[in-house]
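Asker: Take this structure, written in structure tokens, and hold onto it; I'll ask about it next.
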Amino acid sequence: MGKLPPKSFVHEMNTTIMPVRGRFLSNKEANESAHNFALQADQFFPATGCLSKELPGLSWPFYHNAYFTLELCLKSYLLAQGVKYDDVRGIRHDLHKALNKAKQLGLRLGVSTLVEKVVMDASQYYEDHEFRYCANGKWELPSPEVLFSFLQVAYRATTGNSPRLPAHVRSSALVTELHAK
């Protein structure tokens, strides 16, 4: 067996989630909370914007991250509305099912039905993992601009857009620009 890398090569992530109730959650409770899904969306949303703006030629990572962020947003919303974690988990990567359930619980995105249809029709490729594993073929996809605009609306509507990111990340130029649009 090989030698372990020096400690400087290891990055340990140690986070604790304390929701509004004022008590710290166990790891299991925290990972199954709406707040956790929103925290994850907070990190993937600006990363997706960065891929769109700074690396426009990397389309597969952009589309995969955009739809993954949408999944996190919708699941955060569902959990915040009282849907049980096991039911949310049962949705898996079916964004149509997640969006329809969220709408039943009151989510209003305020986007045109055409934009929603184009974005959601292409979500099938995400559900089938084609953004991860397929490089050859023909896909009908929304433009990155349309998808990211839809994602911005969904992000704000589902996560409440509260400042969960650390201050130094929130104040970065890209994150500030993405939240201003």
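The values are calculated or read from the model by the stated rules, or taken from the named source; none is laboratory data. Since the structure is predicted, the reported quantities are computational estimates derived from the model, not experimental observations. Here Cβ is always computed from backbone atoms with ideal geometry, including for glycine, and neighbour counts include all displayed protein chains.
Asker: Restricting to the stretch 102-136, name every residue that is over 17 Å from the mean Cα position of the chain (by Cα), among the charged types (D, E, K, R) and closer than 14 Å to Ala154 by Cβ.
Answerer: Lys103, Arg108
Asker: List, please: which pairs have Cβ atoms under 6 Å, are six or more places apart or on different chains, and start with a residue in the stretch 76-89 that is over 14 Å from Gln104 (Cα atoms) and end with one that is of a type in the set (Val, Ile, Thr) and at pLDDT below 95?
Answerer: So the pair list comes out as Ser76/Thr158; Ser76/Thr159.
Asker: Tally up the residues in the stretch 140-171 that are at pLDDT below 90 and assigned to a loop (DSSP other than H, G, I, E, B), please.
Answerer: Qualifying residue count for the region: 8.
Asker: Six or more apart or on different chains, Cβ under 8 Å: which pairs go from a residue in the stretch 110-123 that's acidic (Asp, Glu) to one that's exposed (fewer than 10 other Cβ atoms within 10 Å of the Cβ)? Could you list them?
Answerer: Hits for this filter: Asp121/Glu140.
Asker: Turning to a different aspect of this structure: Considering only the stretch 35-91, state which residues are over 25 Å from Ser143 (Cα atoms), among the β-branched types (Val, Ile, Thr) and in a helix (DSSP H, G or I).
Answerer: Val88, Ile91
Asker: Looking only at residues that are buried (at least 21 other Cβ atoms within 10 Å of the Cβ) and aliphatic (A, V, I, L, M) in the stretch 58-73, which one is farthest from Leu151 (Cα to Cα)? Let's see the steps before the verdict.
Answerer: First, the residues of the stretch 58-73 that are buried (at least 21 other Cβ atoms within 10 Å of the Cβ): 62-63, 65-67, 69-73.
Filter once more, keeping what is aliphatic (A, V, I, L, M): 66, 70, 72.
Details: Ala66: 7, Leu70: 6, Leu72: 11 Å.
Among those residues, the one meeting the criterion is Leu72.
Asker: Which number in (1) at pLDDT 95 or above; (2) surrounded by fewer than 14 Cβ atoms within 10 Å (Cβ to Cβ); (3) not charged (D, E, K, R) marks the one condition that Leu55 misses?
Answerer: (1)
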